[in-house]
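A.B. asks: Here you go, one structure.
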Amino acid sequence: MVSHRVHSRYTRRLHDLAWAGAAVRWQLQVRRFRCQYLACSQQLFAERLLELVAPAARRTTRLTKLLHQIALMAGATAGSRLSTLLVSGTSTSTLLRILRAAPLPAPGTPQVVGLDEWAWRKGRTYGTIIVALEDHRVLDLLPDCRSEHVAAWRRRYPRRTVISRDRSGPFATAATQGAPHATQVADRFHLLKHLTETLLRVFEQHRSDLHDVRRMGDQPTAALLTESPTDGHPSAATQRHLRYQQVRHVYASGM
């Protein structure tokens, strides 16, 4: 019910954005009203100015938003030093409280998620990071890599259609148990990493064969160079022909 019975007034002192290098502080007179509905449990209530300031806050809404952005971009320590230049000085503890009090964005329903490890302590203890690959947003951090914990998280969000993961056993088991109908793919990072490692092992195992092929490839090149002009400077066409003959010879040898 609308009430017009003013019970009392009190003063709220609010910090606001600085103006022309000077700190700005509001002294706001707020009215308390008496509820005319006798059965109401809240007999007295104060008027709210939600566009200006949140209930029980000592900073205006726009100042809190600015400090929140400063803390996100610069961190608490650097943000505290920066706030002395832009607004009235703010402590690191205040910036951390503003960060913790800010509402988290809505998680949404991503269709493609990635599973990978993240390090509590590199080389010692690892957890699981779950990322929405469509917008590169972290969905959750799990304290370990155990397949049953990952599968339990997956069962809470059954709409995922594609799971990108490495080829480790626990992640494969978790993806199968938690989302049996989802398509599992290997992520590009691990594909390239494993391909590079495999090629290096192959080349190291066939090092002697590669030396033999190199020596075989040098023989026709040397023979053709003896047939080039005697001035020691073969033409560009001759050099292209030499390279062509070398490639054909290596191809004929089975490479």
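A.B. asks: Would you mind calculating the relative contact order of the chain from Cα pairs under 8 angstrom and at least 6 residues apart, reporting the percent as a whole number?
C.D. replies: Averaging sequence separation for qualifying contacts and normalising by length gives 9 percent for the chain.
A.B. asks: For segment 22-125, give the percent of accessible area contributed by carbon and sulfur heavy atoms, probe 1.4 Å, rounded to a whole number.
C.D. replies: Here carbon and sulfur together make up 56 percent of the probe-accessible area.
A.B. asks: Where nothing but the Cβ of Lys and Arg (+1) and of Asp and Glu (-1) is charged, how large is the charge dipole of segment 1-88 around its Cα centre, in debye to the nearest 20?
C.D. replies: 280 debye
A.B. asks: Right, something else. Shape verdict for segment 94-221, please, from the Cα gyration tensor: rounded (a/c under 1.5), prolate (a/b greater than b/c) or oblate.
C.D. replies: Judged from the Cα gyration tensor, segment 94-221 comes out prolate (a/c at least 1.5, a/b above b/c).
A.B. asks: Once fully extended, how much extra length lies between VAL202 and TRP26, figured as 0.36 nm per residue of separation less the alpha-carbon to alpha-carbon distance?
C.D. replies: 56.0 nm
A.B. asks: Roll a 1.4 Å probe over the protein chains and send me the accessible area per residue for the chain in Å².
C.D. replies: Spelled out: the 1.4 Å probe surface of the chain, per residue, equals 71 Å².
A.B. asks: Something else about it: Among [x] 35, 21, 15; [y] 26, 22, 18; [z] 70, 29, 16, find the value of semi-axes √(5λ) of the Cα gyration tensor in Å that was calculated from the structure presented, and write down its label.
C.D. replies: The value computed from this structure is option [z].
A.B. asks: In what sequence, highest mean first, do 9-18, 199-208, 147-156 appear when ranked by Cβ atoms within 10 angstrom?
C.D. replies: Most protected by this proxy first, the peptides run 147-156, 9-18, 199-208.
A.B. asks: Probe 1.4 Å, all protein chains in place: accessible area of HIS194 in Å², nearest 10?
C.D. replies: Probe radius 1.4 Å; accessible area of HIS194 about 40 Å².
The values are calculated or read from the model by the stated rules, or taken from the named source; none is laboratory data. Since we're looking at a predicted model, the values are computed, not measured. Backbone-built Cβ (ideal geometry, glycine too); neighbour counts: all protein chains shown. Calculation scope for accessible area: heavy atoms of the full protein, side chains included, ligands and nucleic acids excluded. Shrake-Rupley method; radii C 1.70, N 1.55, O 1.52, S 1.80 Å.
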